[in-house]
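One structure is given below, encoded as structure tokens.
The values are calculated or read from the model by the stated rules, or taken from the named source; none is laboratory data. Computed from a predicted structure; not experimentally measured. Because the Cβ atoms are built from the backbone with ideal geometry, glycine has one as well, and the counts that use them run over all protein chains shown.
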Amino acid sequence: MKLVYAIVNRDDSTKVQIALINEGFQVTKLASTGGFLKAGNTTFIMGVEDEKVEEAIEIIRTHSSKRSKMIPAGGAFSDGVYNGYPIEVSFGGATVFVTNVEQFRKL
């Protein structure tokens, strides 16, 4: 048994949740916030049998998409001039953690 944590962009969370449930996975959904862009995320937590972990990860991968966004560049040069040129950053997709579970009980 494994414990799978999947952090996905909130724009993808409904698609991911529906796909996981349709394939028989039971998920707990938590609202969370990312650190870099302070973007809304959803963290899914689920207990998964060892042989179904790759299936769960593939569902998450299929329904999570990467995005890019233009943001103003921060910082100042040595002469004190602010660099206001925007830079493109990638975000979204999914971050998945899989950990071993010693015991799993549904009460």
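Structural remarks
- With respect to (1) of a type in the set (Gly, Ala, Ser); (2) at pLDDT below 95; (3) touching a strand residue (DSSP E or B) at 6+ places or on another chain (Cβ under 8 Å), the lone exception for residue 80 is condition (3).
- Single residue of the stretch 5-35 satisfying the filter (acidic (Asp, Glu) and within 12 Å of the chain's Cα centre (by Cα)) that is farthest from residue 101 (Cα to Cα): 11
- Residue that is farthest from residue 63 (Cα to Cα), among those in the stretch 83-100 that are touching a Lys or Arg at 6+ places or on another chain (Cβ under 6 Å) and at pLDDT 70 or above: 98
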